[in-house]
1. Starting from residues that are polar (S, T, N, Q) and within 22 Å of residue 111 (Cβ to Cβ), keep the ones in segment 54-92 and report whichever is nearest to the chain's Cα centre (by Cα).
2. I'd like to verify a number: residues in segment 24-65 that are modelled with pLDDT under 85 and of a type outside the set (S, T, N, Q), how many?
3. Can you say whether residue 86 is open to solvent by less than 60 Å² (accessible area, probe 1.4 Å), of a type in the set (A, V, I, L, M) and at pLDDT 95 or above, as far as the supplied structure shows?
4. Where the second residue is of a type in the set (Gly, Ala, Ser) and at pLDDT below 95 and the first is closer than 17 Å to residue 67 by Cα and surrounded by 14 or more Cβ atoms within 10 Å (Cβ to Cβ) and lies in segment 114-143, which pairs have Cβ atoms under 6 Å and are six or more apart or on separate chains?
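The values are calculated or read from the model by the stated rules, or taken from the named source; none is laboratory data. Everything quoted here is computed from the prediction, not taken from an experiment. Virtual Cβ from ideal backbone geometry, glycine too; neighbours counted across all protein chains shown. Keep in mind that these areas ignore ligands, DNA and RNA; they rest on the heavy atoms of the full protein, side chains included. Shrake-Rupley method; radii C 1.70, N 1.55, O 1.52, S 1.80 Å.
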Amino acid sequence: MFGDFQFLRLCPDEPQIQPIEASHPAEPGRNPSGGLQAAIIGQGTTEVLVERRRHEIKPKSGGGILSYEVWGIIERGKARVTRCNLAYINQALCAVDHGRVLGYDNAHGYHRRHHMGQVELVKHVSYEATAELFQQEVTALLKAHNESKP
C-alpha cells in the first residue's frame, strides 16, 4: 500500500481523515469505477493506475483535500512507480495554483515540489520517500495552522 492517511489525526475527537472516494488502492489495471485504466509507454510497456485516493480534512483540523494518484508498471506482481501526483489542496490557505498548498509530481518528466504557487525541482530518491516527506510536510502545515488559531 502506498498512501496512509491515518497520520493526520490532529484533534483528539477526530478519529481519522474522512474519505470522499474509495480509500483503498486501485486494483492494478483498473480504475476505481471498474474500467480498465492504462497507458502505453515505450515499446509495449503498459503503465497502470496503481492507487488513487482522495480524502477530505475536516475544517476543525485545517480543512482541505489530500489527493494521491500513483501510476506504475507491474513487474513480477509488484508495482514500479513511474508517475505520481500528491497534493494538499485548500483554497482557504492558497488562492493560486488551483488551491494547491503543497504538492509533489513528476508529470513533465522531472520531479517538482509545489508550495503556495511556487514550483521547484527536487531530487528524487523513491516514491516512498517522496510520499513520506509529503505526509510530514502536510502534518507540519496543518499543525502550524491549528496552533495559529485563537
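1. Out of the qualifying residues, it is 67.
2. Going through segment 24-65 one residue at a time, the tally reaches 17.
3. Answer is yes for this residue.
4. Here the result reads 142/62, each pair linking segment 114-143 to a residue that is of a type in the set (Gly, Ala, Ser) and at pLDDT below 95.
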